[in-house]
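The values are calculated or read from the model by the stated rules, or taken from the named source; none is laboratory data. Every value quoted in this text rests on a predicted model; they were computed, and no experiment measured them. Heads up, the Cβs are rebuilt from the backbone with ideal geometry, glycines too, and the neighbour counts pull from every protein chain shown. SASA here: full protein model, heavy atoms, side chains in, ligands and nucleic acids out. Shrake-Rupley method; radii C 1.70, N 1.55, O 1.52, S 1.80 Å.
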Amino acid sequence: MVEYPIDVSYDANQNFRRWKYTTYNFTLAAYWSPFLVTVKESDPDGPSHTGLFNLFLDEPDPKWTTQIEQFDYLIINSAHWFTRCSVYYEKDQIIGCHYCGLPNVTDLPINYGYQKALKTILKAINSLEKFKGVTFIRTIAPSHFEGGEWNKGGDCVRKGPFRSNETSLDGVSLGFYRTQVEEFKVAAEEGKRKGKRFRLLDMTQAMLLRPDGHPSRYGHWPNANVVLYNDCVHWCLPGPIDSWSDFLLHMLKLEGRRALEENLQLK
């Protein structure tokens, strides 16, 4: 039966929304926290015109970490925002940055900030006594810029998928993916001792083969008078992103089977 949800959001902030399907007693919530940790935007323009952000790498973002204990499933999706210009803080002290251009501040690799942030929030989840749900870490969906970087003429104009031998994961995407797998393993091992469950929702290879799924230069209404960079990071074409739901549904079914088997063993 098809059912339309009712909005049960706590406030009017569009970045933090909740919808409830009353017939199924099912609540869906979305929390917008692209860096996962506490962040303050220090310059809306920044060195590359995408903003300059102060990231507190050892502080989980309370806007979402204080809201999740009541949920059965948590899906974490992050990575691409860490390519933006950022200043890194630990214990309220600047320890470096990514392409910030500030004097006497050490420029650190992109992956430094991401790994620290991911480690921080996974530890935070493991420390939540009341959270008994399953945490899915969704791996990166790679961008597909060709012919240049995102701000240097890069585009994604392919009209069909790659064959498996036509491409491979590399560069920043490979670094992010390795970090996700590494930190997942650490969190899952710690979680076992605390009764927590972590799952890797790995769709990176599948999405790597779909360079045809991005908006490219069509990421706006045809009559919009705007100048945009080619968008080869986000996804829009039916097919690739639909498979994300297929992956998740399959994993949810597996969780249901595990729960049933555990209940039978206890009887």
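Identify the residue in the range 56-95 that is within 20 Å of residue 27 (Cα to Cα) and hydroxyl-bearing (Ser, Thr, Tyr) and, among all such residues, is least open to solvent (accessible area, probe 1.4 Å).
In this case the residue turns out to be 65.
Within the range 185-210, take every residue that is part of a helix (DSSP H, G or I) and touching a residue at least 60 places away in the same chain (Cβ under 8 Å) and give me the one that is nearest to residue 129 (Cα to Cα).
194
For every residue, the table says whether it meets (1) farther than 19 Å from residue 172 by Cα; (2) part of a loop (DSSP other than H, G, I, E, B); (3) in contact with a helix residue (DSSP H, G or I) (Cβ under 6 Å, 6 or more places away or on another chain); (4) open to solvent by less than 60 Å² (accessible area, probe 1.4 Å).
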site: 54; (1), (2), (3), (4): yes, no, no, yes
site: 97; (1), (2), (3), (4): no, no, no, yes
site: 102; (1), (2), (3), (4): yes, yes, no, no
site: 112; (1), (2), (3), (4): no, no, no, no
site: 115; (1), (2), (3), (4): no, no, yes, yes
site: 119; (1), (2), (3), (4): no, no, yes, no
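Scan 159, 196 and give me the residue that is more than 18 Å from residue 79 (Cβ to Cβ) and open to solvent by 60 Å² or more (accessible area, probe 1.4 Å).
When all the criteria are applied, what remains is 159.
Check 47, 34 and return the single one that is closer than 27 Å to residue 123 by Cα, assigned to a loop (DSSP other than H, G, I, E, B) and of a type outside the set (S, T, N, Q).
One residue alone meets the criteria, 34.
Inside the range 1-14, can you point out the residues that are open to solvent by 70 Å² or more (accessible area, probe 1.4 Å) and not aromatic (Phe, Trp, Tyr)?
1, 2, 6, 7, 11, 12, 14
Please give the number of the condition residue 231 fails out of (1) under 30 Å from residue 160 (Cβ atoms); (2) of a type in the set (Asp, Glu); (3) open to solvent by 60 Å² or more (accessible area, probe 1.4 Å).
Only one criterion in (1) under 30 Å from residue 160 (Cβ atoms); (2) of a type in the set (Asp, Glu); (3) open to solvent by 60 Å² or more (accessible area, probe 1.4 Å) is unmet by residue 231, namely (3).
Return the residues of the range 58-95 that are part of a loop (DSSP other than H, G, I, E, B) and aliphatic (A, V, I, L, M); say none if nothing qualifies.
Listed by number, the residues that qualify are 68, 79.
Within the range 211-247, how many residues turn out to be without any contact (Cβ under 8 Å) to a residue 60 or more places away in the chain, part of a loop (DSSP other than H, G, I, E, B) and closer than 15 Å to residue 139 by Cα?
Result for the range 211-247: 1.
Considering only the range 127-175, state which residues are among the aliphatic types (A, V, I, L, M) and more than 23 Å from the chain's Cα centre (by Cα).
157
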